[in-house]
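Each reported figure results from applying straightforward, stated rules to the coordinates on display, with no laboratory input. Computed from a predicted model, the values in this text were never measured in an experiment. Quick reminder, even Gly has a Cβ in these numbers, built from the backbone with ideal geometry, and neighbours come from all protein chains shown.
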Amino acid sequence: MNQFRPTGYNSLPTIIKNLLIINGLVFFAQKTFGGQYGSFNFEDVFALHAFQSELFRPWQLITHMFLHGDLGHIFGNMLALWMFGSILENIWGPKQFLLFYFLCGVGAAMIHLGAFSFEIMNYTKQYHQLFIEQGSLTAAEIDFMSRYRAMVDVATLGASGAVFGILIAFVYLFPNTYIYIYFFIPMKAKWLGILYFSYELFFALKNSAGDNIARWAHVGGALVGFVLVYLWKRNQRKF
């Protein structure tokens, strides 16, 4: 399959519609009852935290996909979910699409946590060496504990990992379909997928200070999505 023609397809299938509604309701609850002065901290309980954090809970591997930081964040994710996900749901059916969505989201979260744990490990090694060199550890220890706590308690949230898996699945199945960037610039799906994945991988490896985007979650979601759709395509059956 190289081209997708939407004739006869449901433009808002069941799972996509419900995911849009749930994400919208959760975002509304976040902004209404959460925040600094709210009655409940959604991020502490439901956003994804590092394994090393006291705030980590297993259910966050799933619940983080339904939280978003701001209006632009949720709009971008939900637009991509609808654009590419509705096509896949029409092809695979609701059960298989929902399984694919959650596998990509959880897989992205696990890869993100693995990369984050590696970063934390390197950070602790650097400070351990500093302790040895300084001899007097009091000031360095205080600084380390403050920075370490701030690092491990950072909340990760958003459906981007699952959405990247959906995007890559669409690219794999319909590589020559034209996608209009900003609704104006035509580009074949395969080139968009390659460029976008390369962009995220570059910045994930660069690991720039101040970059608050979970690049490894994006890369992880794309990798999981590719593996799943490749296996489905190879076996010529739904997973």
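Things worth noting here:
- The length gained on full extension between residue 187 and residue 205, counted as 0.36 nm times the residue separation minus their Cα-Cα distance, comes to 3.9 nm.
- Over 30 Å (Cα to Cα) - which of 17/190; 17/188; 31/188; 188/233 fall in this group: 31/188
- Ranking of 63, 32, 156, 124 by count of other Cβ atoms within 10 Å, fewest first: 32, 124, 63, 156
- Dipole size of the stretch 14-235 about its Cα centre, with +1 on Lys/Arg Cβ and -1 on Asp/Glu Cβ: approximately 880 debye, rounded to the nearest 20.
- Fully extended contour minus Cα-Cα distance, from residue 28 to residue 41, at 0.36 nm per residue: 3.3 nm
- Cα-based equivalent ellipsoid of the stretch 14-235: semi-axis lengths in Å, sorted from largest, via gyration tensor: 35, 21, 15
- Residue order, fewest to most beta carbons within 10 Å, for 191, 82, 216: 191, 82, 216
- Segments 72-79, 51-58 sorted - mean Cβ within 10 Å per residue, highest first: 72-79, 51-58
- Reported to the nearest whole Å, the Cα centre-to-centre distance from the stretch 54-120 to the stretch 164-223 is 15.
- Put in line by how crowded their Cβ is, counting other Cβ atoms within 10 Å and starting with the fewest, 99, 205 read 205, 99.
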